[in-house]
Amino acid sequence: MKPPEVDRIAGSRAAVAARRARAEVKRQIASGERTASEVLDAATPDHPAESTLRVSELIGSIPWLGPTRTARIMAELGISPSKRVGGLGVHQRKRLREFLVERQKRKLEPGSLVVLAGPTAVGKGTVSAHIRDNYPDVLLSVSATTRPPRPGEIDGVHYYFVSDDEFDRMIEAGEFLEWATVHNAYRYGTPRGPITLALAEGKNVLLEIDIQGARQVRQVFPEARLVFLLPPSWDELVRRLTGRGTEDAEEQDRRLRTAMEELAMQDEFDFKVVNVNVPTAAREVVELMPTSPGA
Ligand code: 5GP
């Protein structure tokens, strides 16, 4: 039997009001007005907005947690994707509370750190150069490398070109936030000092590094947003790699093998950006950075 018209109208009004109330709770978490653990504690039957919120929405509203990371956290906590906060079992609620309280204790840097990684020849360098040239508020980290400069590369702008001995010294002195041997050939590392300084000043920082480096950054800065730049297709990636003409056949082969392994790691990342065209990809990366307080 169909409900009378007035009941249906009242019902849909109630549904709209409930959705709005949940949206307001999400906004409060995202803006920092309430912590996610406070919302969890308030989720009792007499607080429907909190208790009917999905757990994925509760976690996903926390600044810095994208959908990929939210899904992983929920899987680790043993909570199914469709679960609502009010429907959590005692143990699930306890685990979620412990997780949220632990996260909230972490000190957040005022600035944001975005790591751009992705397979070789996908265009990370071009996208980050576009950001350097068009978004002056973003600090693009300059890495140190033991690789010799390519034609047109400037020391201190594209890289700090250093000797093996100097690289060893920098490792020993703890000057790197992360470092890695890339393509089994040269070593590359991110100098720590300029980054911690810029973050403390509330600036947004971009690192363009390889995947091993991205993993290390996550250990040091769990709040870093990890972005994986994807090629439009595998064929396009091969075309870009062979078209560059800066590496010999053996080196190209080695880079393609690395690229294939690297593509398999994309799900570890918080965000994926497809590099169809450089300005659009660059804008998508920059949009992951909140406006810094000083900007
Ligand atoms: P290329 O020699 O073509 O400039 O860079 C080779 C690879 O090294 C790229 O994948 C680039 O992202 C990576 N890379 C550049 N700087 C760093 C760094 O500081 N750390 C790490 N881990 N990788 C880097």
Review point. Where the centroid of each part is defined by its Cα atoms, how far is segment 48-101 from segment 143-186 in Å?
Key: 42 Å
Exercise for review: Subtracting the Cα-Cα distance from 0.36 nm times the residue separation, let me have the gained length for VAL6 to GLU287 in nm, one decimal.
Suggested key: 96.7 nm
**Study point:** Alpha-carbon radius of gyration plus Dmax, which is the widest Cα pair, for the chain in Å
**Key:** 23.0, 82
Practice item. Please name whichever of ILE9, GLN104, GLY123 sits farthest to the positive end of the charge dipole of the chain, dipole taken about the Cα centre and charges placed at Cβ: Lys and Arg +1, Asp and Glu -1. Key: ILE9
Exercise for review: Please figure out what share of the DSSP beta bridges in segment 147-290 is antiparallel and state it in percent, rounded to the nearest 5.
Suggested key: 55 percent
Exercise for review: State whether segment 47-89 is rounded, prolate or oblate according to the following rule on the C-alpha gyration tensor (a ≥ b ≥ c being the square roots of its eigenvalues): a/c under 1.5 gives rounded; otherwise a/b larger than b/c gives prolate, and the remaining case gives oblate.
Suggested key: oblate
Check your understanding: Once label points are set 7 Å from the Cα along Cα→Cβ at both LYS272 and SER80, what is their separation, rounded to one decimal in nm?
Key -> 2.6 nm
Check your understanding: Modelled label-to-label distance, THR280 and GLU172, 7 Å Cα→beta-carbon offset: nm?
Key -> 5.0 nm
Study note, to complete from the structure: Taking every C-alpha to C-alpha distance in segment 226-295 and binning by 5 Å from 0, the per-bin percentages run 3, 14, 20, 19, 18, 12, 6, 4, 2, 0
Check your understanding: Rounded to a whole number, what is D in µm²/s for segment 112-254 from Stokes-Einstein with the Kirkwood radius over alpha-carbon pairs (37 °C, 0.692 mPa s)?
Key -> 206 µm²/s
Exercise for review: Report, in debye and to the nearest 20, how large the dipole of the chain comes out about its Cα centre when Lys and Arg carry +1 and Asp and Glu carry -1 on their Cβ.
Suggested key: 1600 debye
Review point. If you line up the long axis of helix 5-31 against the longest principal axis of the chain, both from Cα atoms, how many degrees apart are they, to the nearest 10?
Key: 40 degrees
Study note, to complete from the structure: Of the candidates VAL238, GLN28, GLY60, the farthest towards the positive dipole end of the chain (Lys/Arg Cβ +1, Asp/Glu Cβ -1, centred on the Cα centre) is GLN28
Practice item. Give me the aspartates and glutamates in straight-line cross-link reach of LYS203: C-alpha distance below 17 Å, same-chain residues under 8 apart excluded. Key: GLU109, ASP133, ASP137, GLU223, GLU287
Point to revise | Least to most buried among GLU38, GLU178, GLU172 (fewest other Cβ within 10 Å first) | key: GLU172, GLU38, GLU178
**Study point:** Rg in Å to one decimal, and Dmax rounded to a whole Å, for segment 41-155 via C-alpha atoms
**Key:** 21.0, 68
Review point. Once you charge only the Cβ atoms, +1 for Lys and Arg and -1 for Asp and Glu, what is the size of the charge dipole of segment 56-204 about its Cα centre, to the nearest 20 debye?
Key: 1160 debye
Exercise for review: Take every DSSP beta bridge with both residues inside the chain and express the antiparallel ones as a percent of the total, to the nearest 5.
Suggested key: 35 percent
Exercise for review: Answer rounded, prolate or oblate for segment 1-96, using the Cα gyration tensor with square roots of eigenvalues a ≥ b ≥ c: rounded when a/c is under 1.5, else prolate when a/b is larger than b/c, else oblate.
Suggested key: prolate
Practice item. Evaluate the distance, in nm, between pseudo-label points positioned 7 Å from the Cα of ALA21 and of ARG72 along their respective Cα→Cβ axes. Key: 3.5 nm
**Study point:** Longest exposed-site-free window of the chain, the sites being trypsin sites (Lys or Arg not before Pro) in a DSSP loop that have at most 14 other C-beta atoms within 10 Å
**Key:** 108-295
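Every read-out reported here was derived from the displayed coordinates using simple, explicitly stated rules and does not represent laboratory data. Predicted model, so just to flag it, every value in this text is computed and none were measured. When we count neighbours, we look across all protein chains shown, and the Cβ atoms used for this are built from the backbone with ideal geometry, even at glycine.
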